[in-house]
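A.B. asks: This is the structure, below, for whatever I ask next.
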Amino acid sequence: MNSASQMTAASQGGVRLQRAFKAAGSFLIVILLTYLGLLAVTFFIGRVMPVDPVLAIVGDHAPEHVIARVREELGLNKPLWQQFIIYMNKVLHGDFGTSVLTSNPVMQDIKRTFPATIELATLGIILGAGIGVPLGVWAAVRRGGLVDQVVRVVGLIGYSIPIFWLGLMGLVLFYAKLGWVAGPGRIDVSYEYSVKLVSGFLLLDTARQGEWEAFGNVLSHLILPASLLGYFALAYISRMTRSFMLNELAQEYVVAARAKGLSEVRIIWRHALRNAMVPLVTVIALSYAGLLEGSVLTETVFAWPGLGLYITNSLQNADMNAVLGGTIVVGSIFIGLNLLSDLLYRVLDPRTKAR
């Protein structure tokens, strides 16, 4: 290789490295600004709420000097910009304050309740994506047919019916009338003390400890609320899958593949769906984030001891430390999944690498 070729290769390598650093820098700036916005929103929500955090701690009938001392200890007597800096510093160190309702550090309560929400949302998105994607593909292939109409009606019902009403009807039918599933809660009292919580995920902990009766009981409690969340995820995912597949099936490469004699199954599942999965990954990731943050009503109806129920109870008791701490955690998960879907999009779509 001559010197000119070496210089050209080195120049191209430098340009690629510069682009990589620029992309990484932009990505980091987006993360920081987004998280800063999340902290700012939660901070000002806590300040405009008609709830005095000091009175929530010491009570309405506390002496004035006690109220003043606690206000000073919390830094609430300082200017707003200084309070925001103190708030950010505490949050970045995982300190969300102490819950008035439980008297525990909020982070400790979140660690205790969040696994239940993750377990519920994870099974929900598995059901939603596992059924919604094939239904969406089938509806696109049979466009205008009976299958397409049924899938669209199923999606429309999923968007229209309130989840709390559907949850109550599910309990009446499948629990009270038919007895197919267990009732509200996460596990029966008879099994609660026989299982040692290690990870916080009851399905995993019962399976690892060989407590198969308890495993079945946990699954019986989990299946109905997870199916409801999965149904609402299915309604959105199937609709988006259908839209993406219709777009891909109209592309020229599909016509060329058919002209070459490739089987319809191979064209649909190996080529069209593969290309449709690029934007579909983002849809599934954001649906999962939506289940994590939007399962409040489901957890309330089913008395599911997750983060949503914890935030609801805290809000009803004016426990703003717990409400804001839970909101930040859910918002952080949403931001993380959004950024992860963006990274997967760049990996799955080679065209983005050239940008």
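A.B. asks: Return a yes/no flag: does the stretch 230-253 have any residue that is more than 30 Å from Gln108 (Cβ to Cβ), outside any helix (DSSP H, G or I) and touching a helix residue (DSSP H, G or I) at 6+ places or on another chain (Cβ under 7 Å).
C.D. replies: Checked against the condition, which is being more than 30 Å from Gln108 (Cβ to Cβ), outside any helix (DSSP H, G or I) and touching a helix residue (DSSP H, G or I) at 6+ places or on another chain (Cβ under 7 Å), the stretch 230-253 yields no hits at all.
A.B. asks: Then there is this: Of all residues in the stretch 221-261, count the ones that are of a type in the set (Asp, Glu) and under 21 Å from Ala139 (Cβ atoms).
C.D. replies: 1
A.B. asks: Check Val151 against each of (1) surrounded by 19 or more Cβ atoms within 10 Å (Cβ to Cβ); (2) over 19 Å from the mean Cα position of the chain (by Cα); (3) closer than 18 Å to Gly124 by Cβ; (4) modelled with pLDDT under 85 and name the one condition it does not meet.
C.D. replies: It fails just one condition, (3).
A.B. asks: Okay, moving on. Before we move on, is Leu222 assigned by TED's automatic domain parsing to the domain that holds Trp269 and at pLDDT 90 or above?
C.D. replies: It is true that Leu222 is assigned by TED's automatic domain parsing to the domain that holds Trp269 and at pLDDT 90 or above.
A.B. asks: Might you let me know whether the stretch 92-105 holds any residue that is assigned to a helix (DSSP H, G or I), touching a residue at least 40 places away in the same chain (Cβ under 8 Å) and not acidic (Asp, Glu)? Spell out how you get there, then give the answer.
C.D. replies: Kept after step one, since they are assigned to a helix (DSSP H, G or I), are these residues of the stretch 92-105: 92.
Going one step further and asking which of them are touching a residue at least 40 places away in the same chain (Cβ under 8 Å), we end up with none.
There is no residue in the stretch 92-105 that is assigned to a helix (DSSP H, G or I), touching a residue at least 40 places away in the same chain (Cβ under 8 Å) and not acidic (Asp, Glu).
A.B. asks: Please indicate, with yes or no, whether at least one residue in the stretch 319-328 is out of contact with any helix residue (DSSP H, G or I) (no Cβ under 6 Å at 6 or more places or on another chain), assigned to a helix (DSSP H, G or I) and assigned by TED's automatic domain parsing to the domain that holds Gly155. Don't jump to the end; show me each part of the working.
C.D. replies: Here is the first cut: in the stretch 319-328, the ones out of contact with any helix residue (DSSP H, G or I) (no Cβ under 6 Å at 6 or more places or on another chain) are 319.
Imposing the further condition that a residue be assigned to a helix (DSSP H, G or I) reduces the set to none.
No - not one qualifying residue is present in the stretch 319-328.
A.B. asks: Could you run through the stretch 290-318 and say how many residues are under 27 Å from Thr34 (Cα atoms) and either in contact with a strand residue (DSSP E or B) (Cβ under 6 Å, 6 or more places away or on another chain) or part of a helix (DSSP H, G or I) (or both)?
C.D. replies: Final tally of qualifying residues: 15.
A.B. asks: Of the residues that make up the stretch 135-158, is at least one over 30 Å from Met245 (Cα atoms) and not in a loop (DSSP other than H, G, I, E, B)? So that I can check it myself, show each step before the final result.
C.D. replies: So in the stretch 135-158, the residues over 30 Å from Met245 (Cα atoms) come out as none.
Checking the stretch 135-158: not a single residue is over 30 Å from Met245 (Cα atoms) and not in a loop (DSSP other than H, G, I, E, B).
Conditions (1) touching a strand residue (DSSP E or B) at 6+ places or on another chain (Cβ under 6 Å); (2) in a helix (DSSP H, G or I); (3) among the charged types (D, E, K, R), marked per residue:
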site	(1), (2), (3)
Gly167	no, yes, no
Leu171	no, yes, no
Lys196	no, no, yes
Glu213	no, yes, yes
Leu219	no, yes, no
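A.B. asks: If you don't mind, there's one more thing I want to ask. On the basis of being under 18 Å from the mean Cα position of the chain (by Cα), surrounded by 14 or more Cβ atoms within 10 Å (Cβ to Cβ) and among the hydroxyl-bearing types (Ser, Thr, Tyr), does Ser243 make the cut?
C.D. replies: Working: under 18 Å from the mean Cα position of the chain (by Cα): no; surrounded by 14 or more Cβ atoms within 10 Å (Cβ to Cβ): yes; among the hydroxyl-bearing types (Ser, Thr, Tyr): yes.
No.
A.B. asks: If you don't mind, another one. Any residue in the stretch 233-252 that's farther than 22 Å from Leu291 by Cα: show its pairings with residues that are among the polar types (S, T, N, Q) at Cβ separation under 6 Å, as long as the two are six or more apart or on different chains.
C.D. replies: From the stretch 233-252, the pairs are Glu248/Asn275.
A.B. asks: For the stretch 123-146, enumerate the residues that are in contact (Cβ under 8 Å) with a residue 24 or more places away in the chain and closer than 30 Å to Leu307 by Cβ.
C.D. replies: Leu123, Gly124, Ile125, Ile126, Leu127, Gly128, Ala129, Ile131, Gly132, Val133, Leu135, Gly136
The values are calculated or read from the model by the stated rules, or taken from the named source; none is laboratory data. Please read all numbers here as calculations on a predicted model, not as lab measurements. FYI the Cβ positions are ideal-geometry reconstructions off the backbone, even for glycines, and counts take in every protein chain you see.
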